[in-house]
1. Across the range B:13-22, in residue order, what do the Karplus-derived ³J(HN,Hα) couplings come to in whole Hz, using 6.51 cos²θ - 1.76 cosθ + 1.60 with θ = phi - 60° and x for Gly and Pro?
2. Please list, short to long, the whole-number percent of alpha-carbon pairs of the range B:1-74 in consecutive 5 angstrom bins beginning at zero.
3. Pull out the extension gain between A:R31 and A:M104, defined as 0.36 nm times the separation in residues minus the alpha carbon to alpha carbon distance; nm, one decimal.
4. Which percent of Cα pairs goes in each bin when the distances of chain B are cut into 10 angstrom slices starting at zero?
5. So what does the Cα-only Debye profile of the protein assembly as shown read at q = 0.07, 0.08, 0.10, 0.17 Å⁻¹, as log10 I(q)/I(0), no solvent term?
Amino acid sequence: MTIEIPQAFWLYFAFFALLFLDGIWCMLATRNMVRVLIGIEILMKSVTFFLIAAGYLAGRMALAQALVITVIVIEVVVVVVIAGVILGFFRKRDSLDVSNTREMKG
Amino acid sequence: MIWFTVLLVLLVLAALWASMASALLRATLALALTSALLAVVLFAFGATLAAVLELSVCAGLITVVLVSVTSLTQPRSLKEQAADRKRRLRRFWPLPFVLIAAGVGLSFVKAPVDIILRLPAGDGDVRTVLWSLRQLDLFGQILILLAGVFGVLVLFRKEAK
């Protein structure tokens, strides 16, 4: 089945790319663990947006929504577990600096 | 279409604020605003169930988790905060310009796209799709939730004396 992609695709793609770039920058340019988590969240938002936009353009909204629900569930679990890791790390090292993780034994 | 584009611009601006805000609480609130705006975008697309979940879970629950993490970690001294602000400014000042340049560059891209999609037949109700087509996803979601609960229990386990 071939689907003709309308011009709106490029509009949605541009905003997805901007959000994705923002999230990547937020993750890479900071050393604070909570900010890295915020960067991951922004990346997830961009993916959620693009999944729904693709579903809308392809006329498969129900399938896109089902996938987005899965993404949101995974997002919550990822955030909660990383938040636990951050708190555990802070209790051990008294710091939120990502560079301090290099000194850990693993 | 114009109001929708304005909504998308606001979404990107809120995300930019979340990544550039100097205080963690402000960044968390900006992230909640991003989630709320994304929920409005999802409503505009007609994805009501996903929008409700985005609003309640991402703008609500995740914000609570992030605020809790911020409040449970110790505040830094004023000197450290000032030094960190300078460092952050040095790392983040190109971001708005990069985003504007990328936005302008992407607005010129109008290449034809020919994608062949093999999607399952029919696109009924989202509940039908979830329960009949994507059962494995539901199973995976339950496993991930259990793994998350187990992970948090392990992380907060008290060490044996």
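Each reported figure results from applying straightforward, stated rules to the coordinates on display, with no laboratory input. What you see is a predicted model, and the numbers here were worked out from it, not measured in a lab.
1. So the J values, rounded to whole Hz, are 5, 5, 5, 5, 4, 4, 7, 9, 4, 6.
2. It works out to 4, 18, 22, 23, 16, 9, 5, 2, 1, 0, in whole percents.
3. 24.7 nm
4. Using 10 Å bins, I get a P(r) of 8, 21, 29, 26, 12, 3, 0 for chain B.
5. -0.28, -0.36, -0.56, -1.36
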